[in-house]
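Colleague: Sharing a structure with you now.
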Amino acid sequence: MNIYLIRHGESQGNVDASLYGNVADHAIPLSDTGREQARGAGMALRDYLDARKKWPTSDAKPLGYHLRMWVSPYVRARQTADLIGEQLGTRVTSRHENVLLSEQQFGLFDGVPDEELPTRYPDQWEYYDLLSRFHGRFWAKMPMGESRFDVARRTQQFFSIPHRDKDQHGIDDIVIVSHGVTIRAFVMMWCHKTPDWFEEERNPKNCAIRLIDE
């Protein structure tokens, strides 16, 4: 089984952070650049799969081959999966969404620019900043939201799904379209990395593909 972890393409929120003040995080769509990135990721993955499987044509696939996509329900992730799926065509045999693959929940700080947090929520920001400086950002919980530790825990809850896909349904390849922090948490927990590794590791670039070869 091979797991391909793909971060969503550039979102309109990545381009204009003020958008988060008017649109819920889960509803932020892709930018035009993000759409092109998603198409590019789909073409790159298609070419890789074709070369690895040595399929006779780009539209053929081995008998009994199964590729399943698991997607965050956020709009930008779903749009990315749509565009990747267009490039993969019939290689994708099933697709599902799962809330465990969602972005980190920022709670009270959601949609607020970092520079405004100390003035808009002084008490909550002071406490969060203290935890971040003393324990590290991995452990610090967003007020009414999640810490990165929380994301790691819920990501691990997802792990039974790819194992079931392989053991019960004979899935050969799993494509997961998710978010930067969530993908880092996935790799950390799957590969038994440490919180220190998580803090040093940067988010993957938009539509970067990371392969876990099992």
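The values are calculated or read from the model by the stated rules, or taken from the named source; none is laboratory data. Predicted model only: the values in this text are computed from it and were never measured. Methodologically, a virtual Cβ is constructed for each residue, glycine included, from the backbone with ideal geometry; neighbour enumeration extends over all protein chains shown. Note: areas computed on protein heavy atoms with side chains; ligands, DNA, RNA excluded. Shrake-Rupley method; radii C 1.70, N 1.55, O 1.52, S 1.80 Å.
Colleague: Out of all the residues in segment 20-41, which are touching a strand residue (DSSP E or B) at 6+ places or on another chain (Cβ under 9 Å) and either open to solvent by 40 Å² or more (accessible area, probe 1.4 Å) or more than 17 Å from residue 74 (Cα to Cα) (or both)? So that I can check it myself, show each step before the final result.
Modeller: Pass one, segment 20-41, residues touching a strand residue (DSSP E or B) at 6+ places or on another chain (Cβ under 9 Å): 28-31, 34, 37-38, 41.
Matches in segment 20-41: 37, 41.
Colleague: What about residue 202, is it in a loop (DSSP other than H, G, I, E, B) and within 15 Å of the chain's Cα centre (by Cα)? So that I can check it myself, show each step before the final result.
Modeller: Working: in a loop (DSSP other than H, G, I, E, B): yes; within 15 Å of the chain's Cα centre (by Cα): yes.
Criteria met by residue 202.
Colleague: Do we find a residue being open to solvent by less than 70 Å² (accessible area, probe 1.4 Å), at pLDDT 95 or above and among the aliphatic types (A, V, I, L, M) anywhere in segment 52-62? Break it down stepwise before answering.
Modeller: Here is the first cut: in segment 52-62, the ones open to solvent by less than 70 Å² (accessible area, probe 1.4 Å) are 53, 55, 58, 60, 62.
Checking which are at pLDDT 95 or above leaves us with none.
The answer is no; no qualifying residue exists.
Colleague: Can you name the residue in segment 198-214 that is exposed (fewer than 14 other Cβ atoms within 10 Å of the Cβ) and not acidic (Asp, Glu) and, of all such residues, is farthest from residue 103 (Cα to Cα)?
Modeller: 211
Colleague: Kindly provide the set of residues from segment 90-137 that are closer than 14 Å to residue 21 by Cα and among the β-branched types (Val, Ile, Thr), ordered by number.
Modeller: Correct list: 112 only.
Colleague: Moving on. For segment 99-129, what are the residues that are of a type outside the set (Asp, Glu) and open to solvent by 90 Å² or more (accessible area, probe 1.4 Å)? Write out each step before concluding.
Modeller: Taking segment 99-129 as the starting set, the residues that turn out to be of a type outside the set (Asp, Glu) are 99-102, 104-109, 111-113, 117-122, 124-125, 127-128.
Hits for segment 99-129 are 99, 119, 120, 127.
Colleague: Now for a different question. Out of 72, 94, I need the residue that is hydroxyl-bearing (Ser, Thr, Tyr), at pLDDT 90 or above, touching a strand residue (DSSP E or B) at 6+ places or on another chain (Cβ under 7 Å) and closer than 19 Å to residue 2 by Cβ. Which one?
Modeller: Working: 72 fails: closer than 19 Å to residue 2 by Cβ.
Result: 94 is the single residue among 72, 94 that is hydroxyl-bearing (Ser, Thr, Tyr), at pLDDT 90 or above, touching a strand residue (DSSP E or B) at 6+ places or on another chain (Cβ under 7 Å) and closer than 19 Å to residue 2 by Cβ.
Colleague: Can you confirm whether segment 168-181 contains a residue that is over 23 Å from residue 46 (Cα atoms) and at pLDDT 95 or above?
Modeller: Looking only at segment 168-181, we keep the residues that are over 23 Å from residue 46 (Cα atoms), and these are 168, 181.
Pick out the ones that are also at pLDDT 95 or above and you get 181.
Yes, that holds for at least one residue.
Colleague: From the residues in segment 86-98 that are more than 24 Å from residue 160 (Cα to Cα) and not charged (D, E, K, R), which one is least open to solvent (accessible area, probe 1.4 Å)? First the steps, then the outcome.
Modeller: The initial filter retains those residues of segment 86-98 that are more than 24 Å from residue 160 (Cα to Cα), namely 86-90.
Cutting the leftovers down to not charged (D, E, K, R) gives us 87-90.
On the way: 87: 42, 88: 0, 89: 38, 90: 82 Å².
In this case the residue turns out to be 88.
Colleague: Please work out if residue 82 is modelled with pLDDT of 90 or more, in a helix (DSSP H, G or I), open to solvent by 40 Å² or more (accessible area, probe 1.4 Å) and within 30 Å of residue 62 (Cβ to Cβ). Before you say what the answer is, go through the steps one by one.
Modeller: On the way: modelled with pLDDT of 90 or more: yes; in a helix (DSSP H, G or I): yes; open to solvent by 40 Å² or more (accessible area, probe 1.4 Å): yes; within 30 Å of residue 62 (Cβ to Cβ): yes.
Yes; evaluated as a whole, the condition is true for this residue.
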